[in-house]
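**Q** The structure's right below; bear with me while I get my questions together.
The values are calculated or read from the model by the stated rules, or taken from the named source; none is laboratory data. Because the structure is a prediction, the values reported are computed rather than measured. Using ideal geometry, Cβ is built from the backbone for each residue, glycine included, and neighbour counts are taken over all protein chains shown. Heads up: the accessible areas ignore ligands, DNA and RNA and are worked out on the full protein's heavy atoms, side chains in. Shrake-Rupley method; radii C 1.70, N 1.55, O 1.52, S 1.80 Å.
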Amino acid sequence: MARFTGTFVQVVEYVYKFDVEANTEEDVRKEIKRYPFSYLNIGCPINEQARYVEAIKFDE
């Protein structure tokens, strides 16, 4: 049996609430894509969920 060390990337999905005043939903989508953190109701995610692990690399 051998010991291995390395790194991996864990992809995480964060869900945020926003509050935007606009004429249409399309305008809201554009604003959120352009300035995603400018319209947050609260500064932290309301939900976070680990999705999967990728990019596993072993130290040599």
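**Q** Counting helices only, and only those DSSP H runs with n ≥ 4, report the 222 nm mean residue ellipticity of the chain as the sum of -39,500 (n - 2.57) divided by its residues, in deg cm²/dmol to the nearest 500. Don't jump to the answer; show the numbers that get you there.
**A** Details: 1 runs with 10 residues, N = 60.
Counting only the DSSP helices, I get -5000 deg cm²/dmol.
**Q** Right, next: How big is the Rg/Rh ratio for the chain, C-alpha atoms only, Rh by Kirkwood, two decimals?
**A** When Rh is taken as the Kirkwood radius, the ratio is 1.26.
**Q** Dipole magnitude of the chain about its Cα centre, charges +1 at Lys/Arg Cβ and -1 at Asp/Glu Cβ only, in debye to the nearest 20?
**A** Here the size comes out at about 200 debye.
**Q** Here's something else I'd like to know. Can you pull out the trypsin sites (Lys or Arg not before Pro) in the chain that DSSP calls coil and that have at most 12 other Cβ atoms within 10 Å?
**A** Values: sites: Arg3, Lys17, Arg29, Lys30, Lys33, Arg34, Arg51, Lys57; in loops: Arg3, Lys17.
Those satisfying the criteria are Arg3, Lys17.
**Q** Looking at the chain, identify the longest residue range that excludes and avoids all chymotrypsin sites (Phe, Trp or Tyr not before Pro) in DSSP loops having at most 14 other Cβ atoms within 10 Å. Write down the numbers at each step before the final one.
**A** Values: sites that count: Phe4, Phe37.
Of all site-free stretches, the longest is 5-36.
**Q** What is the percent carbon and sulfur in the accessible area of the chain, measuring with a 1.4 Å probe over the protein chains and ignoring ligands?
**A** 50
**Q** Ok, one more. With a 1.4 Å probe and every protein chain left in place, work out the accessible area per residue of the chain in Å², rounded to a whole number.
**A** Computed with neighbouring chains in place, this is 96 Å² per residue.
**Q** While we're here: Which residue, chosen from Tyr35, Gln10, Val20, occupies the Cα position most advanced towards the positive end of the dipole of the chain, where the dipole is computed from +1 (Lys, Arg) and -1 (Asp, Glu) charges on Cβ about the Cα centre?
**A** Gln10
**Q** Run the numbers on the chain and let me know its relative contact order in percent, using alpha-carbon pairs under 8 Å that are six or more apart.
**A** With pairs under 8 Å counted, the relative contact order is 59 percent.
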